[in-house]
Amino acid sequence: MALLELRRLNKHFGGLHVTNSVNLALETGEIHCLIGPNGAGKSTLFRLILGEYHPGSGDIYFAGENITALKSFARIHRGLSVKFQVPGVFKGLSARQNLEIALQSRHRGVALEQEIDRLLSFLGLEAEQGQTAGNLSHGQKQWLEIGMAISLKPRLLLLDEPTAGMSPEETHLTGEMVQRLNAEGMTVLAIEHDMAFVRQVARRVTVLHLGQVFAQGSIDQIIADERVAAIYLGQAHA
Amino acid sequence: MNRLLVLFRRLEGPQTIGRGPAFWTMFALVLLVACAFPLLTDGYTVGNTVYFFVWVFIALSLCLIWGYGGSLSFGQTAFFGIAGYGYGILTLNFGAAYGFTLIALLLAVGIAALFAMLLGYFMFFGRIAGVFLGIVTLAVTLTLERFMAQTAGPEWHIGVARLNGFNGMSAMPPLTIPWSGGDIVLFADVGLYYLVLGLLVLVYLGLRVLMNSAFGNVIVAIRENPERAEMLGYDVRKYQLVTFVIGAALAALSGVLYTAWGQYITPSSMGMTAAALPLIWVAVGGRSDLTSTLIGTLLVLAVFQALTIYGSQYALVFMGALLVLTVLIAPGGLVLAVMNQLSRLATRRIQGK
């Protein structure tokens with residue numbers, strides 16, 4: 001059964017049709033990458049899935065339940081979690097406190113402290129736990145936020161450009177982290193521009209263009225598709 | 001027993017400055033001096049100190065909503081006024097017998113909290129945030145002031161309590177504690193001093209526990225990044241509303257105690273100046289911490305009163321200058337900056353040894 005299913009999803013901003021009748025089904029346990037040129041509507045699609053935007057028409061199903069009308073926090077309770085494009089950490093608080101806030105609704109007391117320690121070591125941020133999150137390096141902020149997102153033990157993890165601004169080594173490590181999480185049973189939907197990352201993790205790739213699903217398939221199929229190359233080079237209208 | 005221990009542990013935490021034996025020894029010493037204070041000074045000074053203490057509750061309420069929660073509210077003054085008038089109307093109608101003034105205190109705070117719940121519901125669930133929250137709350141405050149100011153006519157009364165327009169209400173009974181040997185009337189003197197001091201300690205410690213709890217974590221998280229907080233599964237608007245109502249209740253407590261202290265309340269207590277002053281106390285003190293807010297408020301109030309006595313009109317100009325100075329030199333608050341400097345010196349000395 002599909003874990004996440006978008007059915008004929010539409011979103012307009014004034015005259016701009018940013019999401020145009022999008023159908024997308026995500027199987028349980030897969031790593032799915034969403035690619036497409038700037039302005040294709042990838043981040044908007046994420047915001048629709050998360051309930052930050054409400055669609056003009058169409059439905060969103062999660063684990064068989066229609067969640068189109070649910071508030072964002074309620075969708076999180078159902079098993080969704082997200083890492084934003086711009087690292088969304090609590091800048092003024094310590095790295096440790098950031099994780100505490102993410103974990104405190106699931107754990108208490110000693111168990112909470114242990115869980116924070118476990119996550120800090122998973123992220124390789126033990127030495128930085130006392131630092132203010134705003135002072136961490138860009139990559140560390142990205143990992144801290146991924147840590148907060150996965151601490152909810154989501155069924156579906158949404159990653160919006162998880163490797164943006166990372167070095168090739170950091171990108172590879174992030175890819176391994178995603179694969180490890182997937183092996184533990186987490187389904188992943190990632191927006192990503194870094195093709196090395198996409199090749200490393202994705203089983204299926206969906207290309208969005210002008211708010212529509214333009215192509216779908218394995219990474220090799222997508223790369224071989226001349227039409228996809230054309231839209232990236234800005235020749236789709238030609 | 002276990003639960004009590006958890007509460008005690010939460011008196012310290014990342015959200016509040018001050019930890020360890022040194023801080024709590026200092027706290028105990030200050031409390032001891034505060035307890036002995038009425039024995040060392042005259043009745044007027046005691047009454048005046050109560051006046052200062054009364055304002056600390058509204059300052060702490062602003063610290064909670066603005067400093068920790070990140071929402072600038074001018075509405076605290078409105079809740080102050082509603083509760084003040086509420087106490088006046090209730091006690092003028094039903095008197096002070098059988099400890100009714102204490103019930104009136106609770107009722108007046110409850111009425112203001114209910115009002116805050118309504119106002120807050122429409123603001124937070126209507127997604128009003130940032131500067132607009134300030135504008136809406138200021139509008140509510142000034143509307144209430146204007147409304148109360150035009151109630152001079154005899155037709156404006158609730159029961160036997162005349163609202164009296166700009167002159168305000170007066171002659172409501174002070175807080176009275178029923179006692180077997182005869183009621184204890186708490187005039188603005190030693191009796192009221194100990195009651196207000198007790199409440200102050202209770203509220204200060206209570207807020208420390210609250211801010212270092214899971215609830216406090218979420219409040220601070222919403223200040224830092226509301227979107228992230230929501231995406232961790234927190235119903236942001238509900239948390240904001242609860243914080244707003246707790247803050248309103250504290251501001252209302254200020255209002256009731258002020259009214260009971262001076263036995264009067266006027267519309268100007270909800271005016272522009274009255275709404276701006278708490279902001280200055282809290283900003284100068286350091287809005288992101290309870291202790292710096294408390295110390296800053298008492299300091300600025302004392303300086304303000306001295307200036308009012310000797311320099312009359314210039315006191316308000318000085319307040320404005322002080323606010324500008326704070327924003328330029330120490331945006332987080334002057335008292336907070338000094339406290340941070342002191343703790344840095346202390347740790348350096350310990351490490352030096």
20 Å binning of all Cα-Cα separations within the protein assembly as shown, expressed as whole percents from 0 upward: 18, 43, 28, 11, 1
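Average partner chain C-beta neighbours within 10 Å, per residue of A:78-91? Could the numbers behind the result be given before it?
Numbers: counts 1, 0, 2, 3, 4, 2, 4, 0, 0, 2, 7, 3, 10, 2.
Mean partner-chain Cβ count within 10 Å for A:78-91: 3.
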Can you give the mean number of other chain Cβ atoms that lie within 10 Å of the Cβ atoms in peptide B:219-228? 6
Helix A:168-183: angle to the longest alpha-carbon principal axis of chain A, degrees 0 to 90, nearest 10? 90 degrees
In nm, to one decimal, how far is the B:ASN2 label point from the B:ALA129 one, both placed 7 Å along Cα→Cβ? 3.8 nm
Shielding of A:149-155 by partners, i.e. mean partner chain Cβ atoms within 10 Å per residue? 1
Around A:VAL82, which amide H atoms from residues at least 5 apart in sequence, or from another chain, sit under 5 Å from its own amide H, with H modelled in the peptide plane? A:LEU158
Between segment A:214-233 and segment A:88-121, how far is it from one alpha carbon centroid to the other, in angstrom? 41 Å
Summing +1 per Lys or Arg and -1 per Asp or Glu among the other residues with Cβ less than 9 Å from A:ILE219's Cβ gives +2
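Let's test the formula: R0 of 41 Å, r as the Cβ-Cβ distance of B:ALA306 and B:GLU227. What FRET efficiency results, to the nearest 0.05?
Numbers: r = 46 Å, r/R0 = 1.12.
Efficiency, from the Cβ-Cβ distance: 0.35.
What FRET efficiency, computed as 1/(1 + (r/R0)^6) with R0 = 30 Å and r the Cβ-Cβ distance, is obtained for A:LEU112 and A:ARG203, rounded to the nearest 0.05?
On the way: r = 35 Å, r/R0 = 1.16.
My answer for the efficiency is 0.30.
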Across A:LYS42/A:LYS83; A:LYS11/A:LYS42; A:LYS11/A:LYS141, pairs whose alpha-carbon gap is larger than 21 Å: A:LYS11/A:LYS141
Length gained, B:ILE350-B:LEU118, 0.36 nm per residue minus C-alpha separation, equals 78.4 nm
Step through the residues of segment B:39-52 one at a time and calculate ³J(HN,Hα) from phi using the Karplus curve (6.51 cos²θ - 1.76 cosθ + 1.60, θ = phi - 60°), rounding each to whole Hz and writing x for Gly and Pro. 6, 9, 9, 8, x, 4, 5, 4, x, 5, 5, 4, 4, 4
At A:GLU184 and B:VAL30, where each label point lies 7 Å from the Cα along Cα→Cβ, what is the point-to-point distance in nanometres? 4.4 nm
Put a dot 7 Å past each Cα toward the Cβ at B:GLN341 and B:TYR314; how far apart are the dots in nm? 2.5 nm
Angle between chain A longest axis and helix A:138-151 axis [Cα atoms, degrees, rounded to 10]: 90 degrees
FRET efficiency for B:ILE329 and B:ALA276, using Cβ-Cβ distance with R0 set to 22 Å, rounded to 0.05: 0.65
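Rule-based calculations on the coordinates, nothing more; no lab input. If you're wondering where the values come from, they're calculated on a predicted model, not measured in any experiment. Please note: Cβ atoms are built from the backbone with ideal geometry, for glycine as well, and neighbour counts cover all protein chains shown.
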